[in-house]
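Some notes on the structure that comes next.
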Amino acid sequence: MSFVIDQVRGRRVWDSRGRPTVEAEVQLRGGPTGRAIAPAGASRGRHEAIDLRDGGEAFGGFDVTHAVAHVNGEIARALAGLRADDQAGVDAALIALDGTAQKARLGGNATIAVSMAVLHAAAAAAGMPLYAWCAQDAPVRLPLPEIQIFGGGAHAGRRVDIQDFMVMAVGATSFAQALDHTAEVYRAAGALMAESGKAAGVADEGGFWPVFDSNEEALGLLVRAIERAGFVPGDDVAISLDIAASEFGRDGRYTLGLEQRVLDTDAMIDLLVGWCRRYPIASIEDPLAEDDPVGLQRFTAAVGHRVQVIGDDYLVTSADRVRGAARDRAVNAVLVKPNQAGTVTETLAACRAGQAAGFGTIVSARSGETEDTTIVHLATGWDAGQLKVGAFARSERMAKWNEALRVEASLGARAVFAGRGVLPPDAGRPLP
Ligand code: 2PG
Ligand code: MG
């Protein structure tokens, strides 16, 4: 079977927010094809790959005709004749062709769609499932899922400041069981919202719309939902938060709009450490803003032995930044988002840098998603250990959870599930 790239095509498709996005299709000589779609973030790190948009009036400025034209023009010409089984070579060609530090010229949305489509095409030509192609001969493992129950921040009109209130089914012994447990918690949370007259639909990633009077009220309700679903908070099901603090914090000042308070870095750390004492929190992402590395270091020093501290905006899926954070002990885990890097090879490098540093590694979707399930295979094939996709609702999210179920089923008795062992010891048990 030939791995030589014959044709690359781009087209405009639509994402879960009804916005245009880039789909790429790669055809190899002899027929195998691969297809992938770029996702899109709403709360973005300053240093991530540029999501190239047309601007202007159409579709709120979100159109992607230039990015799609780059796929059909320059990128298609540059990739024709390269080998899809040389992912690093293809991605190096994309990086060289773009020529900018953040893929601003071709668009990170164009490059990631093409890069992932090449990965799919190579797996197809090899006759392997995508996760197995990603693993090559290394062991694979189903990730521990991190699933949103309430959505806030930039994904819910800033109704509450905190962006993601999630759960991790740390007591589960398989991926399928982790979903079973999460489904019960999601249902229980919905029932509690309805009973208290707070059912008001869902946010961008399918979590319940957060009609709360304070950020902490959501934490209390989450614990009640875990209990109502029949689980022991912390032992069976733990809480995971994405504070997304870069959205409301800058220059060491954090403006909590809902509570009409402005906190400095120390007060912000005190607030979060207090939550870690009172609630079964296993993981916190972006607790401080991307411009507050000293705050991150202080927070990680305070809770990092018990709580996973994830860098998202701060690390932007950059291997160099991960190595820097490991040196500075700014965080102890890295979020891995392919479109933050702009190519599969750079995404893998960030994941491997995290693993080499002993970090937790969490492959993640974006708030703007589609039916594309590539990240499930990356998380499993690269043995990332964790996967964050949004809520337990809406098909752009469920498509990923269901794909992981298929992978687990296809592995049968050989399936290995990353349970709570991927988290720091005692994660989810409240801090003393
Ligand atoms: C994040 C993601 C997913 P966005 O901050 O981790 O929740 O959001 O895609 O909007 O950056
Ligand atoms: Mg985040």
Tell me, yes or no, whether the stretch 114-129 has at least one residue that is without any contact (Cβ under 8 Å) to a residue 24 or more places away in the chain and either away from ligand 1 (no atom under 16 Å from the Cβ) or out of contact with any strand residue (DSSP E or B) (no Cβ under 6 Å at 6 or more places or on another chain) (or both).
-> yes
Which numbered condition residue 157 misses (of (1) within 16 Å of ligand 1 (Cβ to nearest atom); (2) in contact (Cβ under 8 Å) with a residue 12 or more places away in the chain) = (2)
Considering the stretch 116-155 alone, what residues qualify as being under 30 Å from residue 222 (Cβ atoms) and either surrounded by fewer than 24 Cβ atoms within 10 Å (Cβ to Cβ) or touching a helix residue (DSSP H, G or I) at 6+ places or on another chain (Cβ under 8 Å) (or both)?
-> 141, 142, 143, 144, 145, 147, 149, 150, 152, 153, 154
State the number of residues belonging to the stretch 239-262 that are more than 15 Å from ligand 2 (Cβ to nearest atom) and in a loop (DSSP other than H, G, I, E, B).
-> 6
Do we find a residue being under 17 Å from residue 338 (Cα atoms), more than 16 Å from ligand 1 (Cβ to nearest atom) and surrounded by 18 or more Cβ atoms within 10 Å (Cβ to Cβ) anywhere in the stretch 55-65?
-> no
Restricting the stretch 168-190 to residues that are more than 16 Å from ligand 2 (Cβ to nearest atom) and not in a helix (DSSP H, G or I), the residue that is surrounded by the fewest Cβ atoms within 10 Å (Cβ to Cβ) = 173
Name the helices (runs of 4 or more DSSP H) wholly inside the stretch 330-432 in which the number of residues that are of a type in the set (D, E, K, R) and over 28 Å from residue 97 (Cα atoms) is 3 or more.
-> 395-411
Among the residues of the stretch 191-238, write down those that are among the aliphatic types (A, V, I, L, M), in contact with a Phe, Trp or Tyr (Cβ under 7 Å, 6 or more places away or on another chain) and part of a loop (DSSP other than H, G, I, E, B).
-> 200, 203
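We did not get these values from a lab; they are worked out from the coordinates using the rules stated. Keep in mind that this is a model prediction, so the values were computed, not measured. Here the Cβ is made from the backbone with ideal geometry for all residues, glycine too, and neighbour counts use every protein chain on show.
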